[in-house]
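**Q** Structure in structure tokens, see below.
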Protein chains: 2
Amino acid sequence: MGSLDSPFPNSSEVQFHPLDPEEFRKQAHQTVDFIADYCKNIENYPVLSRVEPGYLRDCLPAAAPHEPETLETILNGVRNDIIPGMTNWLSPNFFAYFPATVSTAAFLGEMLCTSFNSVRFNWLASPAATELETIVMDWLAKLLKLPRSFMFRGTGGGLIRGTTSEAILCTLVAARDRALEKVGKDNIAKLVVYGSDQTHSTYTKACQIAGFLPSNIRSIPTLADTDFSLDPVQVMRAMKADVEAGLMPVYVCATVGTTSSTAVDPVKDLADVAERFDTWLHVDAAYAGSACICPEFRQYLDGVERADSVSISPHKWLLTYLDCCCLWVKKPSLLAKGLSIDPEYLRNKPSESKSVVDYKDWQVGVGRRFRALRLWLVLRSHGVANLQTHIWSDVRMAKALEALVAADPRFEIVVPRRFSLVCFRLNPPGKFDSVDELNRKLLDSINSTGRVYMTHTIVGGVYLLRFAVGATVTEERHVDAAWKLIKEKADALVGKI
Amino acid sequence: MGSLDSPFPNSSEVQFHPLDPEEFRKQAHQTVDFIADYCKNIENYPVLSRVEPGYLRDCLPAAAPHEPETLETILNGVRNDIIPGMTNWLSPNFFAYFPATVSTAAFLGEMLCTSFNSVRFNWLASPAATELETIVMDWLAKLLKLPRSFMFRGTGGGLIRGTTSEAILCTLVAARDRALEKVGKDNIAKLVVYGSDQTHSTYTKACQIAGFLPSNIRSIPTLADTDFSLDPVQVMRAMKADVEAGLMPVYVCATVGTTSSTAVDPVKDLADVAERFDTWLHVDAAYAGSACICPEFRQYLDGVERADSVSISPHKWLLTYLDCCCLWVKKPSLLAKGLSIDPEYLRNKPSESKSVVDYKDWQVGVGRRFRALRLWLVLRSHGVANLQTHIWSDVRMAKALEALVAADPRFEIVVPRRFSLVCFRLNPPGKFDSVDELNRKLLDSINSTGRVYMTHTIVGGVYLLRFAVGATVTEERHVDAAWKLIKEKADALVGKI
């Protein structure tokens with residue numbers, strides 16, 4: 001029996017100890033210093049990498065080495081080959097997309113998470129990991145003033161996933177299967193889902209993965225008049241029309257803080273519509289949800305108490321590093337219906353007693369990391385007060401930039417700022433063939449310096465520049481310097497004021 | 001404009017620096033020592049935690065603290081509240097499920113991955129991260145002797161995902177959409193997928209997520225005679241019958257190393273069937289794939305060159321920590337068809353030039369971590385020679401245990417051992433009401449000591465004990481001690497030999 005009878009490998013193998021504690025200690029200390037130095041020097045690196053496609057293949061051998069290499073050699077490789085090809089998300093001059101925020105506390109949490117390496121598909125496979133996640137999800141729910149119907153202390157519950165995409169996918173499957181029970185399992189072609197033209201593109205992807213017909217994914221157009229928020233009246237009309245056409249509305253995704261311009265969909269009014277048509281209402285607050293730990297911003301979540309699920313991504317604004325998306329649902333049993341598996345090899349007494357949470361039944365996969373440690377360390381190590389401070393500080397810097405932009409007659413604020421994203425464009429008096437083209441050129445000339453990285457979008461047909469404040473180490477001086485650079489480049493393009 | 005006009009938070013906030021490099025250095029060093037000590041003392045912890053459901057809620061406050069807590073306080077909490085509730089996957093006495101393996105090298109890789117925190121949905125958002133992933137995937141493909149049709153150096157390519165579940169889900173969507181193009185988009189109810197009763201339970205889950213009808217997920221029964229492998233003749237029959245019934249076979253999942261008993265499905269013969277019916281063939285080698293870097297085991301992948309996709313999970317046996325599942329596909333364009341999104345805010349020149357890989361189009365979500373660093377560090381820091389040694393060493397220990405079990409007349413090997421999992425049961429001569437019950441009791445009595453953790457399964461109607469060798473720090477002495485404990489508990493149940 002077995003397949004390794006002869007020739008048997010030689011005995012040198014007994015020498016291999018991939019996790020010798022003292023070697024671990026030494027090398028991990030060395031790497032900590034490497035990383036601390038990277039953080040210390042972060043301002044010296046170009047934000048946007050300037051390498052050409054394919055650059056790394058020329059630096060590395062075509063195959064993995066047969067013999068070990070030293071840590072020194074490897075860290076030199078990171079320094080010389082990898083870092084020059086990084087777009088440095090940690091840079092204080094990173095104003096692109098939405099930032100992905102970090103903190104010492106979360107780094108330590110991640111180290112601990114990694115070190116335990118508990119797979120914990122079910123409670124028994126690591127009770128502490130499951131229980132800490134339930135507790136931390138309740139903590140964060142409380143901070144966000146979510147009702148008890150979303151909490152383990154109430155009748156709901158939450159979990160941490162990698163991305164909003166997965167959070168949405170899981171709730172879509174729950175909503176889909178609930179609907180299929182009514183209309184018959186082979187009637188998926190009848191089911192319709194709703195969002196706006198500003199809903200994150202991953203929503204469409206998740207709907208397609210879950211098998212909804214592309215033609216049944218409604219993307220309701222938004223208008224500048226309503227700051228590009230989803231209009232409940234239009235959703236109502238669309239649902240009515242679909243029902244009249246023999247289709248069945250099953251899911252609507254409301255966004256609190258859209259990616260293009262941080263638009264806020266009216267959750268309360270959408271809840272009215274969702275209730276009327278008995279559809280699942282999900283609130284995607286990936287970016288702006290974190291701000292709702294501050295009393296000033298909590299209003300944007302009003303109505304969430306009537307949603308079926310809500311997700312926010314602390315990796316965007318609550319300093320947790322990737323990947324940390326928190327999803328709360330009112331009826332975990334609906335998630336489990338579509339996602340539960342029960343193979344013999346995972347059966348155990350606590351699970352059978354139904355007295356524990358088995359998170360494998362709430363998610364796409366089976367295995368899962370101990371991500372709750374990261375969020376737990378962030379909350380404890382910083383405290384709520386500092387996290388609020390952090391949000392306020394970013395918003396204040398964005399406000400300051402907004403004021404600078406508004407004061408320059410060559411520029412205009414295209415969409416009102418709500419959180420820490422400023423949407424503006426160069427639109428000088430006088431004739432220019434294409435304002436869009438002008439802004440494209442402006443963006444290129446800014447980003448190519450490597451001193452600042454911003455991105456663009458198009459809303460309401462207008463090409464605009466997105467300036468997202470919020471990289472963890474950004475200070476006022478960085479925002480000021482960025483504005484100075486933007487003005488310089490504008491000077492070169494359209495002349496000084 | 002904006003919503004934070006008054007009252008404005010006080011100015012103490014300027015004091016908050018969540019990533020001060022020197023504070024980071026100090027606290028990270030402290031945490032490294034904490035973790036090194038945990039690793040050093042790992043044998044002193046019970047493998048299986050003995051806490052009761054709900055234990056942690058009594059240890060922690062009901063809400064996140066308002067003010068910061070010190071690292072000392074937090075690490076004490078980890079020591080006193082968390083670790084006692086951990087099932088210690090790192091323990092050398094962990095023989096449950098499949099092990100999740102680790103190494104200093106991968107830990108350092110994870111530290112670097114975390115520290116860069118690059119989100120990198122597309123090439124531009126972090127060129128080095130994308131390029132390193134393509135290179136490392138080619139390295140591993142080469143090690144596994146996968147054909148160039150799976151490599152970037154050839155016509156295919158690969159990526160790292162968190163779990164096999166997601167790898168399978170993405171390929172299922174590709175296969176589904178290819179089929180729907182032929183039969184019409186609203187005909188998902190016609191599509192049928194195939195696996196065996198030994199295929200991982202997550203396969204069924206992935207099929208359901210992708211919208212396949214539960215009644216169209218075929219689970220072909222396996223037999224002890226063929227060591228519980230998927231019978232191509234039966235697959236052929238099932239596909240024929242489905243076609244005759246007006247259905248369309250679209251996907252078959254072959255497993256190399258099933259979870260229950262490490263059965264190996266005959267990939268080559270299944271490829272014949274798949275080709276005949278033009279179905280997608282996926283090879284799930286999550287556990288045993290890693291062993292195929294050794295020449296003795298590569299035979300089990302024979303035929304993979306004719307598959308459409310193949311996945312293995314280095315976190316199971318190649319020391320990378322969670323989560324690291326490698327997926328290779330022959331036609332990345334088919335993945336992208338169902339998973340690609342193209343919002344304005346992510347558009348950029350390199351992507352439009354089609355000269356780069358944008359991994360967001362190969363996966364469920366959009367954001368992604370820089371996991372390739374972990375695998376890269378493992379390959380470079382250990383070298384292929386040591387990784388092979390590691391596989392051989394585990395297999396040798398499993399062989400040794402198998403011999404001990406076989407030599408005890410009270411026990412029997414239920415399924416032939418192929419890799420490092422031994423499937424056996426207590427089946428003593430004489431009368432026992434229920435052999436299954438006897439083994440249940442034996443397992444309970446072993447696990448409740450906290451000295452060893454094993455799990456069970458049922459295959460072919462037989463309840464058996466799974467002894468999976470492979471926790472990173474397991475040595476022969478641990479296997480010997482485990483066997484001694486198993487015998488002691490058997491003595492107590494059925495008497496000595």
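The values are calculated or read from the model by the stated rules, or taken from the named source; none is laboratory data. Because the structure is predicted, anything quoted here is derived from the model rather than measured. Because the Cβ atoms are built from the backbone with ideal geometry, glycine has one as well, and the counts that use them run over all protein chains shown.
**Q** When the range B:312-332 is examined, which residues are found to be closer than 19 Å to B:Cys253 by Cα and of a type in the set (Ser, Thr, Tyr)?
**A** B:Ser313
**Q** Based on this model, can you work out whether A:Ser381 counts as within 30 Å of A:Tyr300 (Cα to Cα), out of contact with any Phe, Trp or Tyr (no Cβ under 7 Å at 6 or more places or on another chain) and facing chain B (nearest Cβ under 10 Å)?
**A** Values: within 30 Å of A:Tyr300 (Cα to Cα): yes; out of contact with any Phe, Trp or Tyr (no Cβ under 7 Å at 6 or more places or on another chain): yes; facing chain B (nearest Cβ under 10 Å): yes.
Yes, satisfied.
**Q** Okay, moving on. Considering only residues that are over 22 Å from A:Phe297 (Cβ atoms) and either of a type in the set (Lys, Arg) or under 25 Å from the mean Cα position of the chain (by Cα) (or both), which ones fall in the range A:396-444?
**A** Within the range A:396-444, A:Arg410, A:Arg425, A:Lys431, A:Arg440, A:Lys441, A:Leu443 qualify.
**Q** Something else now. Scan the range B:43-63 for residues that are of a type in the set (Gly, Ala, Ser) and farther than 20 Å from A:Arg120 by Cα and jot them down.
**A** Kept after step one, since they are of a type in the set (Gly, Ala, Ser), are these residues of the range B:43-63: B:49, B:54, B:62-63.
Selection gives B:Ala62, B:Ala63.
**Q** A further question follows. For the range A:125-135, which residues satisfy the criterion of being touching a helix residue (DSSP H, G or I) at 6+ places or on another chain (Cβ under 6 Å) and more than 7 Å from chain B (Cβ to nearest Cβ)?
**A** A:Thr130, A:Glu133
**Q** Same structure, new question: Looking only at the range A:426-470, which residues are within 26 Å of A:Leu223 (Cα to Cα) and either touching a Gly at 6+ places or on another chain (Cβ under 6 Å) or of a type in the set (Gly, Ala, Ser) (or both)?
**A** A:Ser434, A:Gly460, A:Gly461, A:Ala468
**Q** For residues that are part of a helix (DSSP H, G or I) and crowded, with 16+ Cβ neighbours inside 10 Å, scanning just the range B:58-82, find the one that is farthest from the chain's Cα centre (by Cα). Steps first, please.
**A** Restricting attention to the range B:58-82, the residues satisfying the condition of being part of a helix (DSSP H, G or I) are B:58, B:71-82.
Filter once more, keeping what is crowded, with 16+ Cβ neighbours inside 10 Å: B:71, B:74-75, B:77-78, B:81-82.
On the way: B:Leu71: 32, B:Ile74: 30, B:Leu75: 29, B:Gly77: 29, B:Val78: 26, B:Asp81: 28, B:Ile82: 24 Å.
The selected residue is B:Leu71.
**Q** Of all residues being charged (D, E, K, R) and either at pLDDT below 95 or buried (at least 24 other Cβ atoms within 10 Å of the Cβ) (or both) in the range A:305-338, which is farthest from A:Ala179 (Cα to Cα)? Just the residue, please. Lay out the reasoning, then the answer.
**A** Let us first name the residues in the range A:305-338 that are charged (D, E, K, R), namely A:305-306, A:308, A:316, A:323, A:330-331, A:337.
Filter once more, so that each one left must be either at pLDDT below 95 or buried (at least 24 other Cβ atoms within 10 Å of the Cβ) (or both): A:308, A:316, A:323, A:337.
Details: A:Asp308: 14, A:Lys316: 33, A:Asp323: 31, A:Lys337: 12 Å.
Across the range A:305-338, the extreme among qualifying residues is A:Lys316.
**Q** Mind checking which residues of the range B:415-425 are touching a Gly at 6+ places or on another chain (Cβ under 8 Å) and modelled with pLDDT of 95 or more?
**A** Selection gives B:Arg417, B:Arg418, B:Phe419, B:Ser420.
**Q** Write out, first by first residue and then by second, each pair whose Cβ atoms fall under 9 Å of each other, whose residues are 6+ apart or on separate chains, and whose first residue, in the range B:40-60, is facing chain A (nearest Cβ under 7 Å) and under 17 Å from B:Met454 (Cα atoms) while the second is in a loop (DSSP other than H, G, I, E, B) and charged (D, E, K, R).
**A** none
**Q** Within the range B:18-55, how many residues turn out to be more than 30 Å from B:Thr474 (Cα to Cα) and among the aromatic types (Phe, Trp, Tyr)? Please lay out each step first, then the result.
**A** In the first step, residues of the range B:18-55 are kept if they are more than 30 Å from B:Thr474 (Cα to Cα); the result is B:18-27, B:54.
Filter again for among the aromatic types (Phe, Trp, Tyr), leaving B:24.
So the answer is 1.
**Q** For the range B:261-277, indicate whether the set of residues that are farther than 21 Å from B:Thr222 by Cβ, at pLDDT 95 or above and buried (at least 24 other Cβ atoms within 10 Å of the Cβ) is non-empty.
**A** No, every residue in the range B:261-277 fails to be farther than 21 Å from B:Thr222 by Cβ, at pLDDT 95 or above and buried (at least 24 other Cβ atoms within 10 Å of the Cβ).
**Q** List the number of the failed condition for A:Glu305; all other conditions in (1) touching a strand residue (DSSP E or B) at 6+ places or on another chain (Cβ under 6 Å); (2) in contact (Cβ under 8 Å) with a residue 60 or more places away in the chain; (3) more than 24 Å from A:Asp361 (Cβ to Cβ) hold.
**A** Checking A:Glu305 against (1) touching a strand residue (DSSP E or B) at 6+ places or on another chain (Cβ under 6 Å); (2) in contact (Cβ under 8 Å) with a residue 60 or more places away in the chain; (3) more than 24 Å from A:Asp361 (Cβ to Cβ), the one that fails is (1).
**Q** Identify all residues within the range A:281-304 that are away from chain B (no Cβ under 14 Å) and either crowded, with 24+ Cβ neighbours inside 10 Å or over 22 Å from A:Gly157 (Cβ atoms) (or both); write none if there are none.
**A** Filtering the range A:281-304 down to residues away from chain B (no Cβ under 14 Å) leaves A:281-283, A:285, A:289, A:303-304.
Listed by number, the residues that qualify are A:Leu281, A:His282, A:Val283, A:Ala285, A:Gly289, A:Val304.
**Q** I'd like the residue in the range A:136-154 that is within 7 Å of another protein chain (Cβ to nearest Cβ) and touching a residue at least 12 places away in the same chain (Cβ under 8 Å) and, out of all such residues, is farthest from A:Val304 (Cα to Cα).
**A** Narrowing the range A:136-154 to residues within 7 Å of another protein chain (Cβ to nearest Cβ): A:139, A:142-143.
With touching a residue at least 12 places away in the same chain (Cβ under 8 Å) added as a condition, the list becomes A:139, A:143.
Working: A:Trp139: 17, A:Leu143: 14 Å.
Only one residue fits best here, namely A:Trp139.
**Q** Residue check: is A:Lys441 charged (D, E, K, R), more than 23 Å from A:Ala288 (Cα to Cα) and touching a Ser or Thr at 6+ places or on another chain (Cβ under 6 Å)? Please lay out each step first, then the result.
**A** Details: charged (D, E, K, R): yes; more than 23 Å from A:Ala288 (Cα to Cα): yes; touching a Ser or Thr at 6+ places or on another chain (Cβ under 6 Å): no.
The answer is no for A:Lys441.
**Q** Next question, about the same structure. Test each condition in (1) in contact with a helix residue (DSSP H, G or I) (Cβ under 6 Å, 6 or more places away or on another chain); (2) facing chain B (nearest Cβ under 8 Å) for A:Asp81 and report the one that comes out false.
**A** It is condition (1) that A:Asp81 fails.
**Q** Would you be able to tell me the number of residues in the range B:84-96 that are surrounded by fewer than 24 Cβ atoms within 10 Å (Cβ to Cβ) and more than 7 Å from chain A (Cβ to nearest Cβ)?
**A** 2
**Q** Kindly indicate which of B:Glu22, B:Glu43 is in contact with a Lys or Arg (Cβ under 9 Å, 6 or more places away or on another chain), assigned to a helix (DSSP H, G or I) and over 30 Å from B:Ala336 (Cα atoms). Steps first, please.
**A** Numbers: B:Glu43 fails: in contact with a Lys or Arg (Cβ under 9 Å, 6 or more places away or on another chain).
Being in contact with a Lys or Arg (Cβ under 9 Å, 6 or more places away or on another chain), assigned to a helix (DSSP H, G or I) and over 30 Å from B:Ala336 (Cα atoms) holds for just one of B:Glu22, B:Glu43, which is B:Glu22.
**Q** Let me ask another. Has the range A:139-155 got any residue that is surrounded by fewer than 21 Cβ atoms within 10 Å (Cβ to Cβ), part of a helix (DSSP H, G or I) and among the hydroxyl-bearing types (Ser, Thr, Tyr)?
**A** yes
**Q** Is it true that A:Cys113 is facing chain B (nearest Cβ under 7 Å) and either of a type in the set (S, T, N, Q) or closer than 29 Å to A:Ala468 by Cβ (or both)?
**A** Working: facing chain B (nearest Cβ under 7 Å): no; either of a type in the set (S, T, N, Q) or closer than 29 Å to A:Ala468 by Cβ (or both): yes.
No; evaluated as a whole, the condition is false for this residue.
**Q** Just to verify a result, which residue in the range A:192-227, among those that are farther than 30 Å from B:Ile168 by Cα and without any contact (Cβ under 8 Å) to a residue 12 or more places away in the chain, is surrounded by the most Cβ atoms within 10 Å (Cβ to Cβ)?
**A** The residue in question is A:Thr226.
**Q** If I filter the range B:218-227 for residues that are touching a helix residue (DSSP H, G or I) at 6+ places or on another chain (Cβ under 7 Å) and either assigned to a helix (DSSP H, G or I) or of a type in the set (Phe, Trp, Tyr) (or both), do I get at least one hit? Step through it out loud before you land on a result.
**A** Step one: list which residues in the range B:218-227 are touching a helix residue (DSSP H, G or I) at 6+ places or on another chain (Cβ under 7 Å), which gives B:218, B:220.
Subsequent filtering for residues that are either assigned to a helix (DSSP H, G or I) or of a type in the set (Phe, Trp, Tyr) (or both) retains none.
No, the range B:218-227 contains no residue that is touching a helix residue (DSSP H, G or I) at 6+ places or on another chain (Cβ under 7 Å) and either assigned to a helix (DSSP H, G or I) or of a type in the set (Phe, Trp, Tyr) (or both).
**Q** Can you find even one residue in the range B:354-361 that is of a type in the set (Phe, Trp, Tyr) and under 30 Å from B:Val173 (Cβ atoms)?
**A** First pass over the range B:354-361, keeping only residues of a type in the set (Phe, Trp, Tyr): B:359.
Keeping just the survivors that are under 30 Å from B:Val173 (Cβ atoms) gives B:359.
Yes, the range B:354-361 contains at least one residue that is of a type in the set (Phe, Trp, Tyr) and under 30 Å from B:Val173 (Cβ atoms).
**Q** Search the range A:350-364 for residues being touching a residue at least 40 places away in the same chain (Cβ under 8 Å) and farther than 21 Å from B:Arg161 by Cβ, and hand back the single one that is farthest from the chain's Cα centre (by Cα).
**A** Of the range A:350-364, the ones touching a residue at least 40 places away in the same chain (Cβ under 8 Å) are A:350-351, A:356-360, A:362-364.
Keeping just the survivors that are farther than 21 Å from B:Arg161 by Cβ gives A:350-351, A:356-358.
Numbers: A:Pro350: 33, A:Ser351: 31, A:Val356: 28, A:Val357: 25, A:Asp358: 24 Å.
Out of the qualifying residues, it is A:Pro350.
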